[in-house]
Amino acid sequence: MGFGEGEKPLFQKGFLPFPDSLPSGLFMKKSLLEGLRFDPQGVPSPSYVVDAELLRRNAAILDAVRRRTGCKILLALKGFAMWSAFDHVRWALDGTCASSPHEARLGREEFGGEVHSFAAGMNEAQVREFGALSDHMVFNSFHQFERFRDIAAQAAREAGRDLDFALRVNPEHSEGHTPIYDPCGPCSRLGIRRGEFEGKNLGGVTGLHFHTLCQHNADALERTLAAFERGFADLIPGLSYVNFGGGHHITRPDYDMERLCRLVEGFQARYGVQVYLEPGEAVALNAGFLVSEVLDVVERGMPLAILDTAVPCHMPDVIEMPYRPEIIGAGTPGEKPFTYRLGGLSCLAGDVAGDYAFDAPLRPGDRLVFCDMAIYSMVKTNTFNGVNLPAICLLEPGEATPRVVKTFGYEDFKGRLS
Ligand SMILES: Cc1ncc(COP(=O)(O)O)c(C=O)c1O
């Protein structure tokens with residue numbers, strides 16, 4: 001099936017119409033504000049706000065890939081696990097992939113469809129939990145597979161479920177990552193190398209899995225696939241599926257959808273197997289925001305604004321990746337008249353989001369909106385310093401005011417300690 005005429009513009013269409021009246025207390029840049037359908041003053045601060053219309057737009061793109069190629073697409077829960085929003089993406093996906101028994105249970109209870117599980121290492125208790133919850137378990141070594149396959153199969157039988165087994169392989173092809181995001185880096189513990197297959201019996205294995213990409217376009221997949229086929233093509237006959245992992249930035253405007261579809265279709269035709277993709281980022285890319293408020297403005301060698309968020313707690317990837325998040329209406333230093341270093345309220349000297357320029361001076365009470373905060377944010381929060389977690393809000397399609405789905409407090413902080 002090809003993309004219909006009505007479907008292709010999905011990737012070209014801009015954001016929603018620019019609102020006539022602008023939200024109050026917000027610094028704006030037209031091109032970015034076009035994505036915002038709510039007044040940041042109308043939600044608690046700090047809060048994550050996920051826009052279901054933007055989620056559904058991503059889901060429609062993924063669904064188009066599924067329908068055209070016949071591949072299956074799973075949500076990687078590690079990237080986006082806001083279960084109150086699952087209705088908006090479930091219809092477009094085939095299930096979830098889990099990195100722990102907790103994620104597998106969330107996928108089973110709240111998402112439905114297939115559950116695929118992988119962890120770099122598992123103990124026996126985890127294997128039993130995974131086995132009872134999963135349709136497919138992916139092992140990271142022959143040792144773990146041989147030691148645990150019977151235990152997992154028994155747990156699945158007791159749960160009344162069929163369980164398939166796959167092996168994660170390492171195609172030993174890097175695509176220029178930050179080293180901590182490169183599963184094919186030197187001495188990587190992730191994935192079985194081709195050399196380890198010598199003398200091994202693949203009986204009971206129905207799939208192979210590789211995950212090597214991170215925010216990549218389809219050209220990187222093409223090179224990776226060539227490396228995977230060079231190393232593992234002879235093992236594919238007799239298998240039922242190959243999972244191409246995550247890291248495919250499919251819902252980004254410049255993503256080469258045609259090439260992705262061609263690669264998936266070609267692979268499935270060559271080997272007669274089902275292809276799976278398991279993106280996390282692409283499902284909720286650019287669909288969420290972190291609203292925060294300016295608490296104080298001080299001059300300490302340069303103008304600084306202190307926000308009611310904490311970068312290491314609420315957007316840890318900004319430090320870990322590291323990257324500079326976009327803020328609606330803000331520019332790079334000097335691009336606009338008023339430049340500030342934006343920092344959080346924690347004790348960490350490095351609790352800094354970056355330097356940003358604004359059209360007007362910042363004042364306490366101003367709201368700033370960080371973009372692309374649905375992914376790898378809520379799932380990574382922590383309460384370092386006792387900092388409270390942001391509220392979680394969902395803006396339903398057609399609504400103007402986000403619904404506050406959850407707020408957090410002292411008990412959430414205390415409950416993680418004893
Ligand atoms: C095994 C596996 N699958 C899927 C993903 C999801 O990747 P992304 O969110 O970049 O699409 C990851 C991310 O680390 C992963 O390790």
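The values are calculated or read from the model by the stated rules, or taken from the named source; none is laboratory data. All of these numbers come straight from a predicted model, not from anything done at the bench. Don't worry about glycine lacking a Cβ; one is built from the backbone with ideal geometry, like all the others, and counts go over all protein chains shown. For the accessible areas, the whole protein counts, side chains as well, though only heavy atoms, and no ligand, DNA or RNA atoms are used. Shrake-Rupley method; radii C 1.70, N 1.55, O 1.52, S 1.80 Å.
Going by the structure shown, is THR251 buried (at least 24 other Cβ atoms within 10 Å of the Cβ) and within 16 Å of the ligand (Cβ to nearest atom)? For THR251, the condition - buried (at least 24 other Cβ atoms within 10 Å of the Cβ) and within 16 Å of the ligand (Cβ to nearest atom) - is met.
Got at least one residue in region 237-252 being out of contact with any His (no Cβ under 6 Å at 6 or more places or on another chain) and in a helix (DSSP H, G or I)? No - not one qualifying residue is present in region 237-252. Taking (1) over 19 Å from GLY231 (Cβ atoms); (2) assigned to a helix (DSSP H, G or I); (3) out of contact with any Ser or Thr (no Cβ under 9 Å at 6 or more places or on another chain) in turn, PHE145 satisfies each apart from (1).
The residues in region 354-374 that are within 26 Å of the chain's Cα centre (by Cα), open to solvent by 10 Å² or more (accessible area, probe 1.4 Å) and at negative phi can be counted, and the count is 3. Taking region 190-227 as the range and being farther than 23 Å from PRO253 by Cα and within 12 Å of the ligand (Cβ to nearest atom) as the test, the residues that pass are LEU190, GLY191, HIS209, PHE210. When each of ALA132, ALA104, ALA60, ALA92 is tested for being part of a loop (DSSP other than H, G, I, E, B) and either crowded, with 17+ Cβ neighbours inside 10 Å or on the phi < 0 side of the Ramachandran plot (or both), the lone residue that passes is ALA92. The single condition among (1) over 30 Å from GLU258 (Cβ atoms); (2) within 21 Å of the chain's Cα centre (by Cα); (3) within 14 Å of the ligand (Cβ to nearest atom); (4) not in a helix (DSSP H, G or I) that HIS116 does not meet is (1).
If you check PHE86, PHE80, which single one turns out to be of a type in the set (Phe, Trp, Tyr), free of Cβ contacts under 8 Å to residues at least 40 places away in the same chain and open to solvent by less than 10 Å² (accessible area, probe 1.4 Å)? Exactly one of PHE86, PHE80 is of a type in the set (Phe, Trp, Tyr), free of Cβ contacts under 8 Å to residues at least 40 places away in the same chain and open to solvent by less than 10 Å² (accessible area, probe 1.4 Å), namely PHE86.
Take the conditions (1) within 12 Å of the ligand (Cβ to nearest atom); (2) touching a helix residue (DSSP H, G or I) at 6+ places or on another chain (Cβ under 7 Å); TYR181 misses just one of them, which is (2). For region 268-278, check the following and say yes or no: at least one residue is assigned to a loop (DSSP other than H, G, I, E, B), closer than 27 Å to PRO402 by Cβ and within 16 Å of the ligand (Cβ to nearest atom). Within region 268-278 (the criterion being assigned to a loop (DSSP other than H, G, I, E, B), closer than 27 Å to PRO402 by Cβ and within 16 Å of the ligand (Cβ to nearest atom)), the answer is no, since none of the residues qualifies. Of the residues making up region 138-186, those that are in contact (Cβ under 8 Å) with a residue 60 or more places away in the chain and crowded, with 16+ Cβ neighbours inside 10 Å are VAL138, PHE145, ASP164, ALA166, VAL169, PRO171.
Of all residues in region 403-415, those that are closer than 21 Å to GLN41 by Cα have Cβ atoms under 8 Å from Cβ atoms of residues that are in a helix (DSSP H, G or I) and open to solvent by less than 60 Å² (accessible area, probe 1.4 Å), 6 or more apart or on another chain, in VAL405/SER84; LYS406/SER84. Each residue in region 43-56 was checked for being open to solvent by less than 50 Å² (accessible area, probe 1.4 Å) and part of a helix (DSSP H, G or I), and 3 pass. Considering only region 287-308, I want to know if a residue exists there that is touching a Cys at 6+ places or on another chain (Cβ under 7 Å) and either over 25 Å from ALA374 (Cβ atoms) or assigned to a loop (DSSP other than H, G, I, E, B) (or both). No, that holds for no residue. A search for C-beta distances below 8 Å between a residue of region 189-212 that is open to solvent by less than 10 Å² (accessible area, probe 1.4 Å) and any residue that is among the polar types (S, T, N, Q) and away from the ligand (no atom under 16 Å from the Cβ), counting only pairs 6+ apart in sequence or on different chains, returns GLY207/SER240. For SER292, the criteria (1) assigned by TED's automatic domain parsing to the domain that holds PHE86; (2) within 23 Å of the chain's Cα centre (by Cα) hold in every case but one, which is (1).
For region 309-329, the set of residues classified as open to solvent by 20 Å² or more (accessible area, probe 1.4 Å) and either aliphatic (A, V, I, L, M) or within 18 Å of PRO40 (Cβ to Cβ) (or both) consists of ILE319, MET321, GLU326, listed by residue number.
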